[in-house]
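Notes to accompany the following structure.
The values are calculated or read from the model by the stated rules, or taken from the named source; none is laboratory data. What you are looking at is a predicted structure, and each value in this text was computed from that prediction instead of being measured.
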Amino acid sequence: METYTYVNIFETKGLEYLLLMSFLVLLVLFVRYLREPGGKD
């Protein structure tokens with residue numbers, strides 16, 4: 001009755017890199033949005 005499951009740490013590397021890259025892009029866009037002057041019409 002063992003509950004140990006083998007998890008390959010290299011299986012999810014692609015997904016982790018995609019999440020990291022999308023987070024960084026969204027962070028850059030958010031910072032650019034905050035730095036914009038407010039008087040834009």
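If you go through the range 1-33 and keep only what is of a type in the set (A, V, I, L, M, F, W, C) and over 12 Å from the mean Cα position of the chain (by Cα), you end up with Met1, Val7, Ile9, Phe10, Leu29, Phe30, Val31. Scanning the chain for residues that are among the acidic types (Asp, Glu) and at pLDDT 75 or above turns up Glu16, Glu36.
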